[in-house]
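Since the structure comes first, as structure tokens, the remarks are kept for the end.
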Amino acid sequence: MEKRIPARSEIAIQDTWDLSTLFVTDAAWHTALVEFETMTAKIPAFQGTLGQSAENLADWLDFAQELGVLEERLGYYAELRQSEDEGDGAARTMNGKYMMAGARAAAASAWETPEIQAIPDAVMQTFLRHPRIAEYRIYLQKLLRFKPHVLSGPEERLLALHREGEGVAHDAFSVLTNVDLDFGAIATAEGELPLSQSTWTVFMEHPDREVRKRAYTAFYRQFDAHKNTLAALYSGQVKQNVIRARIRGYPSARAAALFPDNVRDEVYDNLIATVNANLAPLRRYYALRKKRLRLTDLRHYDVYAPIVDAPRKKTSWNEAVAMISEALAPLGEEYVATLRSGLLGRWADRYENKGKRSGAFSAGSYTGTPYILINYKEESIRDVFTLAHEGGHSMHSWYSARSNPFMQYAYTIFEAEVASTFNEDLLFRYLKNTARDTALKAYIVNKRIDDLLATLYRQTMFAEFEKRAHELEESGNPLTVDALRSEYRALLEKYFGPDMTLEETSDLEGLRIPHFYNAFYVYKYATGISASLALAERVVSGGEKEREDYFTFLKSGGSRFPIESLAIAGVDMARPEPVQAACDIFSALVQELEALL
């Protein structure tokens, strides 16, 4: 663990991203913000005109598209600048100004959807055939799906004004867990090291069990001390999800969350049922962990401890890019050359600096190049996989933006995790096939098992908890701290099995997962990894047609619903077979690791 983190000013320019494809300077951003606010002031002039003619509707959509492109550029630039250094007051001010301007624009245009919905169906059908409406046809057809769930103009305006307040529970959770909670420091052989949300994983992967235990105890002591507040925040978020679904006439909060992607409840339920039917390989892996760690009892703080020594080799940034390029060769020269050029250029903000956002993400916009935030460490092979993962997101954005008009280029989160984990699977295959010794191969296989466990099994467990929490609220059962802990403990016992000895505080994990504040989101990780494994096998073992089918998916953007775009690529996520195949791959990897060890 690094003891000294460099300041932003100490990072070489070549190792930072170049945001000039969005705005050349902060001053240019501020000028554009004024332009955005000027355009926002023109919105009311369009109100009441959309149903008069196809030309009037097209005039509005042209304007809305121009405003949307500018808003996206402003938003991405401000967010990326803030992520460079969360303590940078100027960047935080920019982001705050953008959020306020965006909220005002949303309130000013809240009449748009109900006004379009109010156009008689027969009239709208004639509008959709007009040449000027052509590039907006899919956007309008998707919007019209929401007709039963759209309210009147004044009601929509009230909801739009309330939008900023809807994030309070999440914001309070984030501030409490990331800022206010003080986890202290943990004594290790390397000295006293700070325990935080960012360093938590490092401690859980520490080879010394006593260090893991001390870190686990200190970490959950803080959550235990604030458990009632945390439960109240999550209960408030669930209540808000349920109320919003009822206001718009959805049968449940889950139905409201699945509706935009046109995903049926069966997809969600099939995922949970199929994974529940395949818990034996998961428990077999935990039994292997227990044996390898020479433990009489497996504890919650043992599930991330290394059971295979990590390779000592360092991988430079350029070496990682070369490795990823080799691994992605099945996708063809254009894909590989574009990604390689971006990663060797300045798509990515490469290394950690003080105040920089932790973790990694890809931000792809319509007008700028894709951008990747990562905190790359040369000694971590995991970071090579992270770079391949984020590169998958970036190339998905690259193809989507170049194949669709703005109003239909944005793909869904359901699809996003396919392109990223697809790249990870190709990298895994490459590294496994080129590993020169058994120890390295065992490490790579073990890492792949841990990744699948985290993405397939763990996210499904989270999805099951979300489903149950919302069902309790919708059936009139209060989400008390005891009720939430009881539901989460039951899931821990089911997934880990009898070999796991849970701590009294283990079920507090359910109160610290930030994704729960974005309802019914996590299941997409599990469906995404299932789809990507099936597609990777199809592309690698197939020919030109299979590869082109995959590129059809990458280029679809928002022009199709996710189940449809994946079906065209060659996988049917409406059926349980892809999830079962992913569970079978996990089982085979566990058996392979047993043999390698």
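For this structure, a couple of remarks:
- Test for residue 507: is it more than 30 Å from residue 233 (Cβ to Cβ) and not hydroxyl-bearing (Ser, Thr, Tyr): no
- Tabulated pairs, region 578-590, first modelled with pLDDT of 95 or more, second crowded, with 21+ Cβ neighbours inside 10 Å and not in a helix (DSSP H, G or I), C-beta under 9 angstrom, 6+ apart or interchain: 578/571; 579/573
- Taking every residue in region 521-532 that is aromatic (Phe, Trp, Tyr) and pairing it with any residue that is outside any helix (DSSP H, G or I), at least 6 positions away or on another chain, yields no pair with a Cβ-Cβ distance below 7 Å.
- For region 107-116, filtered to residues that are over 22 Å from residue 31 (Cβ atoms), assigned to a helix (DSSP H, G or I) and among the hydrophobic types (A, V, I, L, M, F, W, C), the residue that is modelled with the highest pLDDT is 116.
- Within region 267-287, the residues that satisfy the criterion of being surrounded by fewer than 18 Cβ atoms within 10 Å (Cβ to Cβ), assigned to a helix (DSSP H, G or I) and more than 22 Å from the chain's Cα centre (by Cα) are 273, 276, 280, 283, 284, 287.
- Just one of the listed residues (74, 128, 70) is over 22 Å from residue 17 (Cβ atoms) and either aliphatic (A, V, I, L, M) or not assigned by TED's automatic domain parsing to the domain that holds residue 141 (or both), namely 128.
- Test: residue in region 134-144 that is without any contact (Cβ under 8 Å) to a residue 40 or more places away in the chain and touching a strand residue (DSSP E or B) at 6+ places or on another chain (Cβ under 7 Å): no
- The C-beta contact set for region 539-552 (first residue over 13 Å from residue 332 (Cβ atoms), second residue among the acidic types (Asp, Glu) and part of a helix (DSSP H, G or I), distance under 7 angstrom, 6+ apart or interchain) is empty.
- Residue match in region 524-539 (condition: assigned to a loop (DSSP other than H, G, I, E, B) and either buried (at least 21 other Cβ atoms within 10 Å of the Cβ) or out of contact with any strand residue (DSSP E or B) (no Cβ under 7 Å at 6 or more places or on another chain) (or both)): no
- Residue match in region 179-198 (condition: farther than 30 Å from residue 289 by Cα, in a helix (DSSP H, G or I), modelled with pLDDT of 90 or more and among the aliphatic types (A, V, I, L, M)): no
- Of the criteria (1) touching a residue at least 24 places away in the same chain (Cβ under 8 Å); (2) within 16 Å of residue 388 (Cβ to Cβ), which one residue 325 fails: (1)
- Selection from region 185-195 of residues that are surrounded by fewer than 18 Cβ atoms within 10 Å (Cβ to Cβ) and closer than 24 Å to residue 233 by Cα: none
- Flag for residue 550 being among the hydroxyl-bearing types (Ser, Thr, Tyr), buried (at least 22 other Cβ atoms within 10 Å of the Cβ), assigned by TED's automatic domain parsing to the domain that holds residue 495 and at pLDDT below 95: no
- Subset of region 445-496 that is among the aliphatic types (A, V, I, L, M), out of contact with any Asp or Glu (no Cβ under 7 Å at 6 or more places or on another chain) and closer than 30 Å to residue 383 by Cα - its residue that is surrounded by the fewest Cβ atoms within 10 Å (Cβ to Cβ): 454
- Only residues that are under 24 Å from residue 272 (Cα atoms) and in a helix (DSSP H, G or I) were counted across region 546-563, and they come to 2.
- When residues in region 564-597 are screened for being outside any helix (DSSP H, G or I) and acidic (Asp, Glu), 1 of them pass.
- Each residue in region 199-219 was checked for being in contact (Cβ under 8 Å) with a residue 60 or more places away in the chain and in a loop (DSSP other than H, G, I, E, B), and 4 of them qualify.
- Some residue of region 420-433 being over 25 Å from residue 278 (Cβ atoms) and in contact with a helix residue (DSSP H, G or I) (Cβ under 6 Å, 6 or more places away or on another chain): yes
- Identity of the residue in region 90-99, without any contact (Cβ under 8 Å) to a residue 12 or more places away in the chain and not polar (S, T, N, Q), that ends up nearest to residue 162 (Cα to Cα): 96
- For region 15-64, a residue qualifies if it is farther than 24 Å from residue 119 by Cα and not in a helix (DSSP H, G or I), and the qualifying residues are 16, 17, 18, 22, 23, 24, 25, 41.
The values are calculated or read from the model by the stated rules, or taken from the named source; none is laboratory data. Quick caveat: nothing in here was measured; it's all calculated off a predicted structure. Neighbour counts are summed over all protein chains in view; Cβ atoms, including those assigned to glycine, are modelled from backbone coordinates with ideal geometry.
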